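The values are calculated or read from the model by the stated rules, or taken from the named source; none is laboratory data. Predicted, not measured: the structure shown is a model, and the values here were computed from it. Positions of Cβ are backbone-derived with ideal geometry, glycine not excepted, and every protein chain shown enters the neighbour counts.
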């Protein structure tokens with residue numbers, strides 16, 4: 001038997017319209033995820049947070065067009081209470097995205113929708129059915145594939161590589177951005193394509209033993225210059241963890257620790273382009289020998 005649980009037809013119609021509205025935002029290629037909450041709560045339960053982080057990690061290599069976040073409540077409680085609680089749940093999920101380096105510019109909807117029609121499932125336990133409605137629904141819309149554009153390089157000036165800059169003339173206060181050293185979203189792990197470049201940088205630093213420098217780590221997409229959460233350690237010090245990762249690598253490759261220090265810069269200095277390039281490290285020259 002199909003089970004509906006609204007006392008008035010107006011609420012039933014409103015809920016059906018709400019479900020249709022959400023369905024219109026969803027296409028076959030979109031990714032969806034649902035996060036479930038305890039009764040009267042908007043704190044994300046730990047098990048649900050772990051599921052959400054796994055979902056976010058699968059977005060790392062995806063070109064995203066938009067992310068929509070919709071909060072819902074079960075049918076209990078006054079309308080005003082449910083609207084507020086559903087919005088708090090949506091805001092809580094947005095905060096998790098922001099803390100894990102998902103750009104807020106991609107999040108186009110963060111809406112509390114209030115009550116939702118009880119799920120129509122093969123389940124007779126009313127409490128379980130209500131539990132399915134205490135949730136936030138996330139819809140991730142990928143960017144459509146675009147044809148590859150021809151790259152015109154004839155007139156494009158060739159910039160120096162990082163090893164070339166290290167071997168060139170340097171002064172105290174100079175910064176060298178490791179442009180091709182990229183990190184996995186939410187981790188201090190270097191993406192595989194960057195490892196060969198990092199090895200060549202380490203080699204040039206071993207040879208250039210007259211410079212001292214600070215390794216500065218950066219993150220993308222967090223609010224108010226906060227640091228991001230390192231998903232491996234669960235600590236909010238990801239920018240420092242990235243800097244230390246490079247520090248340890250250089251030390252292993254033979255760069256003297258006396259010449260180096262590392263620090264996390266949080267999100268104080270975004271570059272303003274693709275967020276992946278804010279997940280970066282750079283070195284600040286602090287001393288140049290004679």
Of those in the range 212-232 that are surrounded by fewer than 19 Cβ atoms within 10 Å (Cβ to Cβ) and at pLDDT 90 or above, the residue farthest from residue 290 (Cα to Cα) is 214
Among 62, 83, the single one that is assigned to a helix (DSSP H, G or I) and either at pLDDT below 90 or within 17 Å of residue 135 (Cα to Cα) (or both) is 83
Using the structure shown, decide if residue 242 is in contact (Cβ under 8 Å) with a residue 40 or more places away in the chain and within 19 Å of the chain's Cα centre (by Cα). yes
Condition set closer than 17 Å to residue 205 by Cβ and touching a helix residue (DSSP H, G or I) at 6+ places or on another chain (Cβ under 7 Å), scope the range 255-290, selection surrounded by the fewest Cβ atoms within 10 Å (Cβ to Cβ): answer is 257
Residues of the range 53-74 being over 12 Å from the mean Cα position of the chain (by Cα) and surrounded by fewer than 20 Cβ atoms within 10 Å (Cβ to Cβ), in sequence order, are 63, 65, 66
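Considering each of 247, 287 in turn, give the residue that is assigned to a strand (DSSP E or B) and within 20 Å of residue 162 (Cβ to Cβ).
Working: 247 fails: assigned to a strand (DSSP E or B).
Sole residue among the options that is assigned to a strand (DSSP E or B) and within 20 Å of residue 162 (Cβ to Cβ): 287.
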